Amino acid sequence: MRRLTIPYESRAGLILLFAAGFGVPEKARAQGDSVAIATARADSARYPYTPADIAFMSHMIGHHAQAIVMSRMAPTHGASTSVRILADRIINAQQDEIASMQRWLRDRRLPVPVPDTVLMKMPMHAAHDMLMPGMLTDFQMKQLDEARGPEFDRLFLRFMIQHHKGAVVMVKQLFGTNGAGQDQTVFKFASDVNTDQTTEIARMEKMLFTFTFGQ
Amino acid sequence: MTSTRSRCRTASRLFLVPALSAVAISATAQTPDPRIGLRAGKFDAQEAAWNLKVVSETRPSEKFVDGINSDITFTSHYAIQGSFNGYQVWDIANPARPALKTAYFCPASQSDVSVYKNLLFVSGEGLTGRLDCGAQGVADTVSSARLRGIRIFDISDLANPKYIGNVQTCRGSHTHTVLVDPKDKNNVYVYISGSAAVRSPRELPGCVQAAPSADPNSALFRIEVIKVPLAHPEQAAIVSSPRIFNNLAPVVAHGATAEGAAASAKMAAAARARGEFTALIAGEEMVVPTDFVTPMLDSIVQARNGTGAPTAADSAALRRGIQGIMDEEFGALPSGLHPGPTQCHDITVYPAIGLGGGACEGYGLLLDIHDPAHPSRLAAAADSNFSYWHSATFNNDGTKILFSDEWGGGVQPKCRVSDRREWGADAIFTIVNRQLQFQSYYKLPVVQTPQENCVAHNGSLIPIPGRDVMVQAWYQGGISVFDWTDPKHPKEIAFFDRGPIDSVRSVLGGSWSAYWYNGNIISSEIVRGLDIFALLPSEYISQNEIDAAKTIHFDYLNAQGQPHLVWPPSFALARAYLDQLERSNGLPSARVSAVRVSLRNAENAPGPARIRALRALATQLDREAGRSGEADKIRTLTTTLRRVADATR
């Protein structure tokens, strides 16, 4: 499978090339996939997806993947119970959403990023224009990984707020693009990301204040 | 949508298929749960039912095959089933054989539907909805062809609905709620909930994306109220945009009450009045502790090269800057939004008691709806286990409210072993002094596969007198009937479930809504069509209780416009209460048997003798009430006996 190592802003065009027939090697598929692909094609004939939709569904996989890596630190970094529960919920939610994005891409025979690989190859340390909104830099990830206990809680919340805000920005960019969000799955998915993460940001801000001041 | 695949042609030939599948039925709970391990299949999945009987399973009509069925509304003997492709009208006079009356093709997501008299309202939220009902979508970000809001149809002739008007809204309509004001015979009101992106003002003038702090006309943090003049429904228009979320103090701690939040808001306001420093954190005013404030004041003194105690001017400078500092420290929402919900997902109104339940993103709200155009917030609840407050159902007395959490948006499988029981569940609250008090969670009490999208979704009360029983859709988790009379211990008493649509991959499907309507449970299955069930008697619900439930007749039903249930006097009603007294040991079993005999004799007696017998029985039972732990229930029974007597000629 080809890996996405090209900069954020310029990937969409390349992905379209794949869609146009350059193709990626297919892995063995589950039974239902041929039906799903037919359905996806029928849907796409009606509401064609655009490079912006593909970019969103591809990039958000890497974006989510980083949130999962951050959240997986909680049990080993002395996080408090409430942060561990929050982290559990983020892992649960974003793993499921990654599966949804991968399914959408696979059904349309588009390249399917694999979270861990994408994350490793993600140019997080590169110039800021290659960084997706809200993504933590390598330095921030290192800071978080080195923190323990209350310091981890505080950094985790700060960084996850930053990270979620970035996802909200990505949804806004998607819906601000001509032709984007016509695909029903993309529209629903992006709308869910927007509402869920906005709700969670408010919750984390309150937690952060409470941790800091013990109120 | 194309229909070239063979299964579509097959479906179009066979779309009226009564239930054929063999269904395992048993009155008592089985171990292992028969919902586990059901064979997958789109139209041939294995089924499990408990205390429910499948009456019919009807596939979507031709243009709706492979669409997404959504909510249902009811008028007369018709079920109107929304779909992302439009809506289908089913004649359910014979529930064993629903007949398609109309399939109206007019795509929009999600096509939430409601009726009032000759009017049908249909929601459009997505970017693809078109004024001309075309299926080609709307590619441009600004277009005069787009419909986001409410479509209005005249359904005087259900075979030929007339599309008579629209009301366009800034965020479209994800769901809507028809409010029939008991005091207003000339209009109905429609509350619009839309959580999607705000439209460009170039597409719909007046739509403002900026936060209310930047522009008071912001389309965020408000709902829309549409007034529909019944004489001229085409003139329906927005009459107000209530900001029901203003000054909302969140309650994050699980189970904490809104009163607690109100108390802390009061404390913060008092501290501010005393000259202490406060800041808005996640929408809640909080006191900034002195050990944080002192160094900041000191640094202001230093910055002006001063010494000694901070002056009033220093304090004023910090007061101006403290919100910014706190935002920097604790974060502020994107693009300067203040937190809290920017919209509701859905609102359930209960006009008979003047209350509404708003399920609004991170909050559940209790609303006063006496003035329909200006609903106001009475109370709010938040819950750290709740991801997304989705819908609300009151009990008939208006003393409890159940909110559902659509964690994962309905497309994710949130009923696996690994998914916590308190996530993606219902939260049950009592309403005490118009405040919400958390009691317990209810979640589908069986695990589902990772291939089945499953989370709490739409349901309605089953009119079992004297109890709070409801039926609820759980997507591919099937439907669950449960009793929440005891709000701390909700209990499942019936279910229906199918195997996943596909055995290896996740495909969106399952029951979107399951509602009781005039004696049956009607379920809108996203993929498989329209399902109708009958409730069976069991150790949890007696035949008399079911018969009493069937005496409630609706002329129409929008589940989010909750009607007040008033049971007409009947022997079934009296026997239902008697069965409940037997179940709770409110009367000795010998006495229960004797009363049953008296009731049978009374029913068989001619008019005047029946009246005498019923009144005599009521008088006797009233005397016994004082000795029973169920005095109220006995008095409800005796009141019923007298009402039956009064209704006897």
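The values are calculated or read from the model by the stated rules, or taken from the named source; none is laboratory data. For clarity, every value in this text was computed on a predicted model and none was experimentally measured. Quick reminder, even Gly has a Cβ in these numbers, built from the backbone with ideal geometry, and neighbours come from all protein chains shown.
In the set (1) surrounded by fewer than 18 Cβ atoms within 10 Å (Cβ to Cβ); (2) modelled with pLDDT of 95 or more, B:A49 fails one condition alone, (1). Where helices (runs of 4 or more DSSP H) sit wholly within region A:127-215, those with at least 3 residues that are among the charged types (D, E, K, R), more than 8 Å from every other protein chain (Cβ to nearest Cβ) and over 23 Å from A:P51 (Cα atoms) occupy A:138-146, A:149-175. Put simply, of B:S376, B:S384 the only residue that is touching a residue at least 40 places away in the same chain (Cβ under 8 Å), more than 12 Å from every other protein chain (Cβ to nearest Cβ) and small (G, A, S) is B:S376. Scan region B:52-75 and tell me whether some residue there is over 25 Å from the mean Cα position of the chain (by Cα), in a loop (DSSP other than H, G, I, E, B), more than 18 Å from B:G510 (Cα to Cα) and more than 14 Å from chain A (Cβ to nearest Cβ). No. Any chance you could count how many residues in region A:63-74 are in contact with a Phe, Trp or Tyr (Cβ under 9 Å, 6 or more places away or on another chain) and surrounded by fewer than 24 Cβ atoms within 10 Å (Cβ to Cβ)? Total meeting the criteria: 3. Looking across region A:172-215 at every residue that is out of contact with any strand residue (DSSP E or B) (no Cβ under 8 Å at 6 or more places or on another chain), among the polar types (S, T, N, Q) and at pLDDT below 85, the one that is farthest from A:R154 (Cα to Cα) is identified as A:T210. Please verify whether region B:206-225 includes one or more residues that are out of contact with any strand residue (DSSP E or B) (no Cβ under 8 Å at 6 or more places or on another chain), part of a loop (DSSP other than H, G, I, E, B), buried (at least 17 other Cβ atoms within 10 Å of the Cβ) and among the aromatic types (F, W, Y). The answer is yes, given that some residue of region B:206-225 is out of contact with any strand residue (DSSP E or B) (no Cβ under 8 Å at 6 or more places or on another chain), part of a loop (DSSP other than H, G, I, E, B), buried (at least 17 other Cβ atoms within 10 Å of the Cβ) and among the aromatic types (F, W, Y).
Yes/no per residue for (1) under 24 Å from B:G362 (Cβ atoms); (2) modelled with pLDDT of 95 or more; (3) polar (S, T, N, Q):
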| position | (1), (2), (3) |
| --- | --- |
| B:P182 | no, no, no |
| B:E203 | no, yes, no |
| B:A210 | yes, no, no |
| B:I223 | yes, no, no |
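Looking only at region B:96-143, residues that are more than 26 Å from B:H345 (Cα to Cα) and touching a residue at least 40 places away in the same chain (Cβ under 8 Å) come to 8 in all.
Considering region A:72-90 alone, what residues qualify as being more than 10 Å from chain B (Cβ to nearest Cβ), without any contact (Cβ under 8 Å) to a residue 24 or more places away in the chain and under 14 Å from A:M160 (Cβ atoms)? Passing the criteria: A:R72, A:R84. Restricting B:G126, B:G137, B:G149 to residues that are buried (at least 17 other Cβ atoms within 10 Å of the Cβ), within 14 Å of another protein chain (Cβ to nearest Cβ) and closer than 28 Å to A:T199 by Cα narrows the list to B:G126. Whether any residue in region B:298-312 is in contact with a Gly (Cβ under 8 Å, 6 or more places away or on another chain) and either at pLDDT below 85 or more than 11 Å from chain A (Cβ to nearest Cβ) (or both) is what I want to check. The answer is yes, given that some residue of region B:298-312 is in contact with a Gly (Cβ under 8 Å, 6 or more places away or on another chain) and either at pLDDT below 85 or more than 11 Å from chain A (Cβ to nearest Cβ) (or both). Restricting attention to region B:515-569 and to residues that are of a type in the set (G, A, S) and assigned to a strand (DSSP E or B), the residue that is nearest to B:E57 (Cα to Cα) turns out to be B:G529.
Scanning region B:175-202 for residues that are crowded, with 19+ Cβ neighbours inside 10 Å and closer than 20 Å to B:S144 by Cα turns up B:G194, B:A196, B:A197, B:V198, B:R199. Among the residues of region B:406-438, those that are modelled with pLDDT under 95 and assigned to a strand (DSSP E or B) comprise B:Q435, B:L436, B:Q437, B:F438.
Out of all the residues in region A:132-146, which are in contact (Cβ under 8 Å) with a residue 60 or more places away in the chain and in contact with a Lys or Arg (Cβ under 8 Å, 6 or more places away or on another chain)? A:G134, the sole residue that qualifies.
Condition check ((1) among the hydroxyl-bearing types (S, T, Y); (2) at pLDDT 95 or above; (3) part of a loop (DSSP other than H, G, I, E, B)) across all residues:
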position: B:L444; (1), (2), (3): no, yes, yes
position: B:T449; (1), (2), (3): yes, yes, yes
position: B:L461; (1), (2), (3): no, yes, no
position: B:I464; (1), (2), (3): no, yes, yes
position: B:M470; (1), (2), (3): no, yes, no
position: B:G477; (1), (2), (3): no, yes, yes
position: B:K488; (1), (2), (3): no, yes, yes
position: B:E492; (1), (2), (3): no, yes, no
position: B:F496; (1), (2), (3): no, yes, no
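Residues in region B:458-465 include none that are β-branched (V, I, T), under 29 Å from B:N520 (Cβ atoms), within 14 Å of chain A (Cβ to nearest Cβ) and surrounded by 23 or more Cβ atoms within 10 Å (Cβ to Cβ).
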